[in-house]
Amino acid sequence: MLSSVYVVIVNLKPWISQAMIFSSYAFALFGYTAAKLRFRGWLRVHVIGQGGSYIAMVTALFVVNWQAVFGEPGRFSFWPWVIPALVGTPLIALVVRDIMRPAVATPITRGDQ
């Protein structure tokens with residue numbers, strides 16, 4: 001059973017990189033379209049789309065270059081697939097939280113009064 005799963009994974013290697021590229025472009029298009037249409041809440045959707053695209057591209061970079069740095073193939077290692085999402089997702093969540101927070105009006109004061 002395990003050997004058949006391995007054969008499927010090895011045969012899908014070219015498809016894995018294409019899926020990463022497709023997901024990156026899909027997220028980027030998602031964010032770009034939100035910025036162009038400017039519907040209500042577009043900035044939140046834009047940040048999520050662009051941030052997700054960046055996470056997908058960094059994941060692809062880690063997976064491809066993992067073996068050169070650490071000596072084990074990145075496609076079969078757990079960490080290059082998880083590290084970008086563990087770092088990027090909380091950052092996106094922080095930015096989205098700041099965007100969604102209502103702006104507090106501060107009074108304008110003059111220095112001479």
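Annotations
- The residues of region 49-92 that are free of Cβ contacts under 8 Å to residues at least 24 places away in the same chain and small (Gly, Ala, Ser), listed by number, are 49, 68, 71, 74, 77.
- Here is the figure for region 43-64: residues that are within 14 Å of residue 96 (Cβ to Cβ) and modelled with pLDDT under 90 total 0.
The values are calculated or read from the model by the stated rules, or taken from the named source; none is laboratory data. The structure presented is a predicted model; accordingly, all values stated were derived computationally and were not measured. Using ideal geometry, Cβ is built from the backbone for each residue, glycine included, and neighbour counts are taken over all protein chains shown.
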